[in-house]
Each structure stands twice: as C-alpha cells, then as structure tokens.
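*Asks:* Mind having a look at this structure? Questions to follow.
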Amino acid sequence: MSNTKAIGVAYADPAFDSVQVGTSSAPITITKSGILNGAYATTSATSGDTRLTYQKLTWTSTGSGEVVRGFAVVKGASGATAGTINGAHFSCEMQGGSISGAANAVRATIGGTTAAPGGTLAALQLDSNFGAGVTLPGSAAFLRVTNSGATQLGRFALFPAADVAGVFRAAVGTPAATHTIPVVSGGTTYYIMVSTIA
C-alpha cells in the first residue's frame, strides 16, 4: 500500500504516549487497497485471556466520548461496488479448531457496581443520523441478517429460559396484538405482533 505522508514516532513524544497519522484537514491519501495499520499474531496460551489490542479510558468528570471511534465516510459515487463498506467489521471463525466454551464475533457488555447508575443504559444502541430531505431505499433498516457462507445459520437469537422478570417471559394474562414491528424478508414485509398486555 502506498500513501503520501511519512509516518513514525514524533520526536516531541519520545515516550510514545500518543500517535496520530494524518489530520482531518491533511489526511493520509491512500491510492491502493490494502491495510494501513496492521497487527498479526498467534497465541499458544493454555489459560487466561490474550488480547491483541487493549484500550481503557476512565472518565473522572462530566465529559463524554468513546474509547474507540470508527467513522466510514463515502464521498464517491457507487461506493462498495461488488463489496461492502463498514464502519466496523469483526469476525470470529473456526478454521480447523473447535470451541468448548463460547465464541462471539462481537460481545457488548453493560454493567458496573454503582447502586443507582441513572441515565439511559443499553449494551447496544442502534442509531440513525440521516439529514433532512434524504430518500432512503426500501432496503434500509436498523438491523440486517445475512447468511454469507454456504451453510445457513437458522436461529435468529438465543434467549435465557423464561423468567417472570427476564427478557423472555411466559404469558401471565391474555395477550392480544396491539402493535406490530415490520420485518422484510425476501422483499416481502411481515409483521411481528407485539402486545401491551403481558
């Protein structure tokens, strides 16, 4: 991969406390496909967690932000021709190995020990940020499910056993559909029935 700017450890930062490649006004210009920043490793550890990258940021005041921010911007016409553009892409594959515990391509955890954390909390937030006057295609959705491999994954989700206060609950009254959630499959819109009656 070729780029237009030399990179390296800045002399002003000999402890390598921070690193920046390009700026918003003068970004590195990439002219060929490839990997700009890569790290490859193997591990033969028999216990404990191995992490290729670990980043931790602790907030001690009233600020906000992220530990990691990915931002994919498309400015050319017909982007992702015969491919995809992703703000983030994580994979977990078994290539000759097997799993005795759990394996996840993405794991999002919300938690803590604060007795009354307050706020609006979620392990995963699906957000949209389109400007005024945007006409979205009929395929636009908050969540998309695909089977890219030769073997189809047939279950949409796994839930804990039914519990009166859990995310999967047995009916306690006589539920009746009061609202619907539209889902498109194969170009046809189906409706998941939801009820205000538990």
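The values are calculated or read from the model by the stated rules, or taken from the named source; none is laboratory data. These figures come from a predicted structure and were not determined experimentally. Ideal geometry is used to build each Cβ from the backbone, glycine not excepted, and the neighbour counts take in all protein chains shown.
*Asks:* Give the stretch 1-55 a look and list any residue that's of a type in the set (F, W, Y) and modelled with pLDDT of 90 or more, or say none.
*Replies:* Hits for the stretch 1-55 are Y40, Y54.
*Asks:* If the requirement is being surrounded by 10 or more Cβ atoms within 10 Å (Cβ to Cβ), small (G, A, S) and in a loop (DSSP other than H, G, I, E, B), which of these qualifies: A108, A103, A132, A123?
*Replies:* Exactly one of A108, A103, A132, A123 is surrounded by 10 or more Cβ atoms within 10 Å (Cβ to Cβ), small (G, A, S) and in a loop (DSSP other than H, G, I, E, B), namely A103.
*Asks:* While we're here: So A72 clears everything in (1) surrounded by 10 or more Cβ atoms within 10 Å (Cβ to Cβ); (2) at pLDDT below 90; (3) over 30 Å from G97 (Cβ atoms) except one condition, right? Which one?
*Replies:* Going through the list (1) surrounded by 10 or more Cβ atoms within 10 Å (Cβ to Cβ); (2) at pLDDT below 90; (3) over 30 Å from G97 (Cβ atoms), A72 breaks only (2).
*Asks:* Can I ask one more? Taking the stretch 165-198, which residues are over 28 Å from N147 (Cβ atoms) and in a strand (DSSP E or B)?
*Replies:* The answer is H179, and nothing else.
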